[in-house]
Every structure is written in C-alpha cells, then in structure tokens.
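Here's the structure we're looking at; comments come further down.
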Amino acid sequence: MPSDKLNDAAIRKAVPGDKPRKLTDGGGLYLELRPNGARWWRIKYRHAGKENRLSLGTYPDVTLAEARRRREAVRAQLAAGVDPAAVRKADRAELAADAHAQQLEDAGLPPVGSFEHVARDWLRLVHEPKVSAGYAKRSRIQLEADVFPIIGRLPVASVTAPMLLDLLRRIEARGALDTAHRVKQTCGLVFRYAIATGHAERDPVPDLRGALAAPVTQHYASTADPRMIGELLRAFHDYGGHPATRTALLLGALTFQRPGNVLAMRWADVDLDGALWSIPSADMKRTKQGKVSGKPHLVPLARQAVELLRALHPLTGAGLYCFPNQRSRDRPISNVTMNAAMRRMGFSADEMTAHGFRAMARTAMVENLPGIDPEWIEAQLAHGKAGPLGSAYDRAQYLPQRRQMMQTWADWLERLRAGATVVQFQAA
C-alpha cells in the first residue's frame with residue numbers, strides 16, 4: 001500500500017509559485033499546483049518499460065479521498081497488465097461514437113455502420129472523386145431510389161444475399177433489368193468499402209451469381225451496308241433543315257466521334273488549316289482522373305470535313321460552338337436534334353442513330369477498305385486499351401496513319417453518295 005502523505009489542510013495552505021509545484025501523496029499520486037492557481041491531480045506510472053502520466057481531475061472537484069480511489073483503480077489496471085491511458089482513450093472514443101450516433105439519430109440520419117451510412121461515405125470519399133459527375137449522380141440516385149428505402153438502416157454487416165436478391169427482384173419486376181445489374185454492381189463496391197473500413201467481414205454480392213435474369217443487350221442502331229450508307233449520305237446532303245444540323249450529320253459520318261463530342265465542337269478547338277480537331281481531355285469519356293491528366297484526343301479532318309466546316313463558319317463562326325442551339329447559343333444542339341432530323345428523312349430508330357456512325361465506320365472500314373489496321377480505327381474511336389497496363393504503356397496515337405485513313409474513308413463515302421459501284425473485299 002502507498003504511504004499517503006497529503007491532507008486537506010496541507011493542500012489548502014499550499015501557495016502556487018512562479019513555476020509548477022508538486023505535492024506528492026504516494027503511489028505515484030501527486031497534486032500539481034499551477035502558477036495560475038489551478039490544482040491538478042496526476043499519477044505517474046510505468047507500463048511496458050515506459051513512464052507515463054495520467055490526469056485524475058482537479059482539486060477540489062476531485063477530493064483527496066477520490067483521487068486516492070482513482071489511484072488505486074489505476075494500480076489495479078497496471079497489475080492486470082493494462083495501460084490506463086489506453087483504456088481512457090478507448091472510453092473517450094466510445095463516448096464520442098455514442099454522442100455521434102445520437103446526433104445522427106436526432107437529425108434523422110442513418111446510424112453509423114448502417115448500409116446507407118457506409119454507402120454515402122463511399123460515394124463521397126471514393127466514388128465521386130474517381131468517376132465523372134454524371135456517373136456519380138446516377139449511382140447516388142440508384143442507391144437512394146432502390147436500395148436505401150429497403151436495407152439502408154440495417155447494419156451493413158447484417159445484410160444477406162437473400163435481402164439483396166429481394167430488392168433486386170423488385171427492380172426486375174418493373175422491367176429494369178439493366179438497372180438491377182447496375183445496382184448489384186454498385187452494392188458490391190459498397191460492401192468492398194465496408195470490409196476495408198471494418199464495418200463488414202464479407203461481401204454477399206458474389207452469392208447472387210446467376211440469380212438475376214440476364215439483361216438484353218441493345219446496341220445503337222447502325223448499318224454497314226454500303227447501299228444504305230449511300231442513301232444516308234444523299235439524304236444528309238440534300239437535307240433542307242438548318243445548315244448546322246446538316247453539317248453535324250455529315251461530320252458525324254466523316255469523323256465517327258461520339259455524338260456529344262461532335263455537337264459540342266468548338267471553333268477554338270478546330271485548326272482548319274492544319275485539318276485537325278483537338279477534343280479537350282475534359283470532354284472525353286474518361287475517368288475523372290483521366291479527364292484531368294489525360295491528353296486531348298486528336299481527330300484528323302479529311303478534306304471533305306474541312307470544306308464542310310469552312311462553309312459553316314460564316315454562319316456560326318462568331319460564337320463558341322460550331323453547332324449552337326438555336327434557343328440558346330451558349331449551348332450546342334443535342335443528340336435529339338440529329339436523331340429527329342434522321343426521322344424526318346425517313347430513317348427509323350431501328351435503322352440509324354447519331355451514335356451509330358461509330359459502329360458503321362468500325363465495321364465498314366474493315367469490310368471494305370483493305371490495308372487499314374484495326375488499331376488505327378480504335379485510336380480514332382478513342383477506345384481505351386484492354387488490360388490494366390494497356391493505357392499506361394501503349395500511348396500510340398497513329399496520327400500520320402489516321403490522317404491517311406480518314407481521307408480514304410471520306411473518299412469512299414463520297415463515292416457511295418455519288419452512287420458509284422462498290423466492290424466489297426473479304427475481311428481479314
């Protein structure tokens with residue numbers, strides 16, 4: 001037992017000095033007198049070979065008798081091999097967690113460790129910084145609409161495969177098969193984050209393999225038939241609507257870039273003398289990091305494409321966009337405009353779409369233009385390389401080859417529009 005040395009009378013008579021003073025009691029307990037008059041109970045102890053100090057409160061709120069009781073509690077923890085400072089830290093963390101949980105409950109927010117709580121952390125800390133704003137928004141809307149109302153308040157570790165299957169079946173029941181599969185994939189990412197952050201031990205999503213109906217894959221309507229392509233081009237050439245829409249349709253066929261990029265083409269990004277269109281990285285279909293750090297996508301322009309843009313320049317060249325929206329020139333025209341124009345020309349949605357120019361070019365080139373390397377076509381389409389190292393190590397843009405390819409493609413299209421006889425070669 002420690003030999004107690006202090007008494008209340010001695011403590012009350014103690015006068016603070018210019019520097020902190022220690023009034024020792026025994027067993028490592030002492031009262032520290034601060035120059036400002038504050039009196040702190042502290043205990044000095046050793047654990048695992050290291051000397052530590054722990055505060056036990058202030059006098060007189062903590063009396064001498066209470067300080068000694070707390071000293072004995074510390075000595076009991078040390079005898080059991082426990083570091084009192086670690087215990088106090090854990091207690092404080094638990095109290096803080098309890099207070100945070102109560103704050104969330106009072107605010108009507110999901111509890112800590114619930115599926116919704118973990119999912120929203122994943123959205124904010126992992127998903128949104130990585131993907132495009134549109135992708136992140138779709139993920140959040142899907143979770144809020146189809147997942148949170150059913151399992152959002154449940155502890156993420158308690159969610160089972162049957163629970164997930166039940167909510168996915170509800171999505172299937174309304175005919176949204178693609179959405180069901182996307183929600184399943186998103187839930188899997190949330191569970192992986194929950195495991196990494198210690199909120200769960202396993203991901204139940206793999207247990208659902210084969211449990212959902214396979215989605216029906218629908219490709220954008222397109223054609224690779226030279227006769228049909230010729231009909232399209234003649235209809236575009238003779239289109240009596242707005243000249244900008246006519247030019248956008250023809251450029252879509254000539255460049256086969258994504259419709260959103262074609263329609264958002266800015267005059268500042270087009271070098272007519274150099275016959276080159278530079279699409280900013282931020283406008284490309286890439287990850288958020290890819291948009292920030294990636295290079296512009298360079299699109300060689302065939303002679304016919306340059307002529308179309310030169311003819312359009314007097315009409316829209318004073319503005320930002322090559323194809324401005326007629327209602328607001330601060331925005332470009334939309335895919336709807338291009339598709340609607342094709343419908344007015346008599347081409348149904350099952351025959352051709354604005355996005356279909358990409359598949360048209362990819363297939364028709366391979367089948368009809370020998371000597372063109374598919375790698376050049378993929379580079380023109382701005383398709384990423386397969387495999388985890390593809391885009392990191394293979395950065396070839398094939399710009400000289402693509403210049404020649406794009407002129408060959410434009411000349412072939414021009415012959416089709418004129419109704420020339422086309423000889424098809426067997427694809428390699």
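What about GLY241, is it among the small types (Gly, Ala, Ser), within 24 Å of ASN339 (Cβ to Cβ) and in contact (Cβ under 8 Å) with a residue 40 or more places away in the chain? Here the answer is yes, as GLY241 does meet what is asked. Of the candidates ASP25, ASP8, ASP18, the single residue that is among the charged types (D, E, K, R) and over 18 Å from THR63 (Cβ atoms) is ASP18. For the condition among the aromatic types (Phe, Trp, Tyr) and over 30 Å from LEU254 (Cα atoms), PHE236 does not qualify.
Taking the criterion of being over 15 Å from ASN335 (Cβ atoms), of a type outside the set (Gly, Ala, Ser) and under 27 Å from the mean Cα position of the chain (by Cα), would at least one residue in the range 237-244 satisfy it? So far as the range 237-244 goes, no, none of its residues is over 15 Å from ASN335 (Cβ atoms), of a type outside the set (Gly, Ala, Ser) and under 27 Å from the mean Cα position of the chain (by Cα). Taking the criterion of being at pLDDT below 90 and in a loop (DSSP other than H, G, I, E, B), the residues of the range 154-189 that qualify are ARG174, GLY175, ALA176. Counting only helices (runs of 4 or more DSSP H) that sit completely within the range 262-353, those holding 2 or more residues that are under 26 Å from ASP411 (Cα atoms), of a type outside the set (Lys, Arg) and touching a residue at least 12 places away in the same chain (Cβ under 8 Å) correspond to 303-316, 335-344.
Can you work out which of the residues in the range 1-17 that are assigned to a loop (DSSP other than H, G, I, E, B) and loosely packed, with under 12 Cβ neighbours inside 10 Å is modelled with the lowest pLDDT?
From the range 1-17, those assigned to a loop (DSSP other than H, G, I, E, B) are 1-7, 14-17; that's our starting set.
Imposing the further condition that a residue be loosely packed, with under 12 Cβ neighbours inside 10 Å reduces the set to 1, 3, 7, 15, 17.
Numbers: MET1: 59, SER3: 68, ASN7: 89, VAL15: 87, GLY17: 87.
Applying the filter and picking the extreme gives MET1.
Could you go through the range 165-174 and let me know if any residue there is within 21 Å of ALA213 (Cβ to Cβ) and of a type in the set (Val, Ile, Thr). Checked against the condition, which is being within 21 Å of ALA213 (Cβ to Cβ) and of a type in the set (Val, Ile, Thr), the range 165-174 yields at least one hit. Being under 30 Å from VAL156 (Cβ atoms) and at pLDDT below 90 holds for only one residue in ASP98, ASP61, and it is ASP98.
For (1) at pLDDT 90 or above; (2) basic (Lys, Arg); (3) surrounded by 15 or more Cβ atoms within 10 Å (Cβ to Cβ), each residue gets a yes or a no:
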position: GLY241; (1), (2), (3): no, no, no
position: THR247; (1), (2), (3): yes, no, yes
position: GLY274; (1), (2), (3): yes, no, no
position: SER293; (1), (2), (3): no, no, no
position: ARG303; (1), (2), (3): yes, yes, no
position: LEU309; (1), (2), (3): yes, no, yes
position: LEU312; (1), (2), (3): yes, no, yes
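Residues that are free of Cβ contacts under 8 Å to residues at least 24 places away in the same chain and over 18 Å from TYR135 (Cβ atoms) within the range 185-197 comprise ILE195, ALA196, listed in sequence order.
Restricting attention to the range 230-260, report how many residues are outside any helix (DSSP H, G or I) and within 14 Å of ARG344 (Cβ to Cβ).
Going through the range 230-260, the residues outside any helix (DSSP H, G or I) turn out to be 238-242, 256-258.
Remaining after also requiring within 14 Å of ARG344 (Cβ to Cβ): 238-242.
Selection size over the range 230-260: 5.
Screening LEU54 on (1) in a helix (DSSP H, G or I); (2) surrounded by 13 or more Cβ atoms within 10 Å (Cβ to Cβ) shows it passes everything except condition (1). Please count how many residues of the range 38-51 are out of contact with any Gly (no Cβ under 8 Å at 6 or more places or on another chain) and either more than 14 Å from LEU23 (Cβ to Cβ) or part of a loop (DSSP other than H, G, I, E, B) (or both). The number of residues fulfilling the criteria is 7. Taking the criterion of being within 20 Å of ASP178 (Cβ to Cβ) and touching a helix residue (DSSP H, G or I) at 6+ places or on another chain (Cβ under 7 Å), the residues of the range 120-147 that qualify are HIS127, VAL131, SER132, ALA136, SER139, ARG140, GLN142, LEU143, ASP146, VAL147. Residues that are touching a strand residue (DSSP E or B) at 6+ places or on another chain (Cβ under 8 Å), over 12 Å from ARG71 (Cβ atoms) and part of a loop (DSSP other than H, G, I, E, B) within the range 18-36 comprise PRO20, ARG34, listed in sequence order.
Scanning the range 170-184 for residues that are touching a residue at least 12 places away in the same chain (Cβ under 8 Å) and of a type outside the set (A, V, I, L, M, F, W, C) turns up ARG170, GLU172, ASP178, THR179, HIS181, ARG182, LYS184.
Here is a check on your reading of the model: is ASN36 loosely packed, with under 12 Cβ neighbours inside 10 Å and not hydroxyl-bearing (Ser, Thr, Tyr)?
Details: loosely packed, with under 12 Cβ neighbours inside 10 Å: yes; not hydroxyl-bearing (Ser, Thr, Tyr): yes.
The answer is yes for ASN36.
The values are calculated or read from the model by the stated rules, or taken from the named source; none is laboratory data. Keep in mind that this is a model prediction, so the values were computed, not measured. Cβ coordinates were reconstructed from backbone atoms using ideal geometry, including for glycine residues, and neighbour counts include every protein chain displayed.
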